[in-house]
Amino acid sequence: MLFNNLDLQQPQIMGILNVTPDSFSDGGSYCRVSDAVEQALRLAQEGATFIDVGGESTRPGASCVGSQEEMDRVLPVIEALRQASDVLISVDTSNPQLMLESARLGVDLINDVRSLTRPGALEAAIQTDLPVCIMHMRGEPSSMQQQAEYTDVVDEVKSWLMLRLQQCVDAGLKKEKILLDPGFGFAKHLQHNLALLAGLHEIVALGQPVLAGMSRKRMLGELTGKDVNHRDAAGIAAHLLAVQQGARILRVHSVAGLKDALKVWQAVAAADRNLLGK
Ligand code: PT1
């Protein structure tokens, strides 16, 4: 999969830009367009190659926003950021109209936690011809934690992603433009998130590029006892474990620390290949 000149051979960082009044860690911080663009440029400066712009919180318990409200939050930011920078822009939305409008403004990726299940979303995504990230979850963010029951979470998430991938391909989406995401924290308890992180290589083995996002999520709070704004060190460890298993895009709030960690990882990976003569 090619994004401008960037292939996904090396792991890439996706910086999170929430333009919501209610996001779980940075809600309300970037509601003015100029503040949002400034934050996006800072994330890019720190090493993010993607900026994921979202106007609706999808953390557990969050409620939906109206379609127009979501577009009013997101579109001006995408437009201004596209003017200001060549950074890859992803739009975090389930809203088909927003997918189409953002495509016209030049976004590079559609990131839909509902995997194009809203009426019209699959058709809209196909029409844009953009790459799409599809993600495992159950139900809606408002109530998904009530459906966090699995016998074998890795198997069930993997099967669900394979099925949804095939449905999207059958509908006309190009397979080489589909990324997969296990959906950390979406209808999952701590033991499910840990099993999924341990077994992420099985999702990678499906052959599509894998996106992973654990930044500041509850799973990290449960492991460290830290509140939402002190989870970045735990996040670096978790995302590095994902990279080690082949994850290609890491969706995070705080870029600089993970960028350093990836430099170390890449240097060691390169030395490993040299040693093995591969
Ligand atoms: C994600 C993701 C996302 N996460 C993709 N997009 C969120 N592709 C938004 C918690 O447990 O992982 N992948 N867009 C944010 N959602 C959550 C979910 C935030 C769970 C917090 C939690 O704390």
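Residues considered: L98, L2. Of these, the only one that is aliphatic (A, V, I, L, M) and either touching an Asp or Glu at 6+ places or on another chain (Cβ under 7 Å) or touching a residue at least 12 places away in the same chain (Cβ under 8 Å) (or both) is L98. Considering the stretch 1-31, and only residues there that are of a type in the set (D, E, K, R) and outside any strand (DSSP E or B), the residue that is farthest from G55 (Cα to Cα) turns out to be D26. All of V107, V91 fail the test of being in a strand (DSSP E or B), open to solvent by less than 40 Å² (accessible area, probe 1.4 Å), within 16 Å of the ligand (Cβ to nearest atom) and under 30 Å from Q45 (Cβ atoms), apart from V91. Filtered by the rule that a residue be open to solvent by 20 Å² or more (accessible area, probe 1.4 Å) and under 20 Å from Q191 (Cβ atoms), the stretch 144-164 gives Q145, Q146, Q147, E149, Y150, T151, D152, D155, E156, K158, S159, W160.
Each row is one residue, and each column tells you yes or no for (1) over 15 Å from the mean Cα position of the chain (by Cα); (2) in a strand (DSSP E or B); (3) within 29 Å of L130 (Cα to Cα).
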site	(1), (2), (3)
V169	yes, no, yes
E176	yes, no, yes
G183	no, no, yes
L241	yes, no, yes
D260	yes, no, no
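Remark: pairs (first residue in the stretch 157-174, touching a residue at least 24 places away in the same chain (Cβ under 8 Å); second residue surrounded by 14 or more Cβ atoms within 10 Å (Cβ to Cβ) and among the hydroxyl-bearing types (S, T, Y); Cβ separation under 7 Å; 6+ apart in sequence or on different chains) = R164/S115.
Kindly check whether there is at least one residue in the stretch 199-209 that is among the hydrophobic types (A, V, I, L, M, F, W, C), within 9 Å of the ligand (Cβ to nearest atom), in a loop (DSSP other than H, G, I, E, B) and on the phi < 0 side of the Ramachandran plot. Before you say what the answer is, go through the steps one by one.
At the first step, the residues of the stretch 199-209 found to be among the hydrophobic types (A, V, I, L, M, F, W, C) are 200, 203-206.
So of that shortlist, the ones also within 9 Å of the ligand (Cβ to nearest atom) come out as none.
No, the conditions are met nowhere in the stretch 199-209.
Please state which one of L81, L100 is buried (at least 21 other Cβ atoms within 10 Å of the Cβ) and away from the ligand (no atom under 16 Å from the Cβ). Don't jump to the end; show me each part of the working.
Values: L100 fails: buried (at least 21 other Cβ atoms within 10 Å of the Cβ).
Matching residue, one of L81, L100: L81.
Among (1) more than 19 Å from L250 (Cα to Cα); (2) more than 13 Å from the ligand (Cβ to nearest atom); (3) not aromatic (F, W, Y), which single condition is A187 missing? Of (1) more than 19 Å from L250 (Cα to Cα); (2) more than 13 Å from the ligand (Cβ to nearest atom); (3) not aromatic (F, W, Y), only one is false for A187: (2).
Of all residues in the stretch 165-193, how many are open to solvent by 20 Å² or more (accessible area, probe 1.4 Å) and closer than 23 Å to S57 by Cα?
The first filter runs over the stretch 165-193 and keeps only residues open to solvent by 20 Å² or more (accessible area, probe 1.4 Å), leaving 166-167, 169-172, 174-177, 189-191.
Right, trim to closer than 23 Å to S57 by Cα and you get 189-190.
Residues flagged as open to solvent by 20 Å² or more (accessible area, probe 1.4 Å) and closer than 23 Å to S57 by Cα within the stretch 165-193 amount to 2.
One residue stands out among those in the stretch 58-70 that are open to solvent by 10 Å² or more (accessible area, probe 1.4 Å) and outside any helix (DSSP H, G or I): the one that is farthest from the ligand (Cβ to nearest atom), which is G66.
Go through L196, L223 for me and flag whichever is without any contact (Cβ under 8 Å) to a residue 40 or more places away in the chain, part of a helix (DSSP H, G or I) and within 15 Å of the ligand (Cβ to nearest atom). Of the residues listed, the single one that is without any contact (Cβ under 8 Å) to a residue 40 or more places away in the chain, part of a helix (DSSP H, G or I) and within 15 Å of the ligand (Cβ to nearest atom) is L223. Taking the condition more than 27 Å from S142 (Cβ to Cβ) and among the acidic types (D, E), does E56 pass? In short, no. Within the option set R248, R231, R216, being more than 9 Å from the ligand (Cβ to nearest atom), at pLDDT 95 or above and in contact with a Lys or Arg (Cβ under 7 Å, 6 or more places away or on another chain) holds for one residue only, R231. If you go through the stretch 18-46 and pick out every residue that is more than 12 Å from the ligand (Cβ to nearest atom), small (G, A, S) and either farther than 25 Å from R218 by Cα or crowded, with 21+ Cβ neighbours inside 10 Å (or both), you end up with 4.
Residue-level check: of (1) acidic (D, E); (2) within 14 Å of the ligand (Cβ to nearest atom); (3) within 22 Å of A198 (Cβ to Cβ), E140 misses just (3).
The values are calculated or read from the model by the stated rules, or taken from the named source; none is laboratory data. If you're wondering where the values come from, they're calculated on a predicted model, not measured in any experiment. Cβ atoms come from the backbone with ideal geometry, glycine included; neighbour counts cover every protein chain shown. Please note that ligands, DNA and RNA were not included when accessible areas were found on the heavy atoms of the full protein model with its side chains. Shrake-Rupley method; radii C 1.70, N 1.55, O 1.52, S 1.80 Å.
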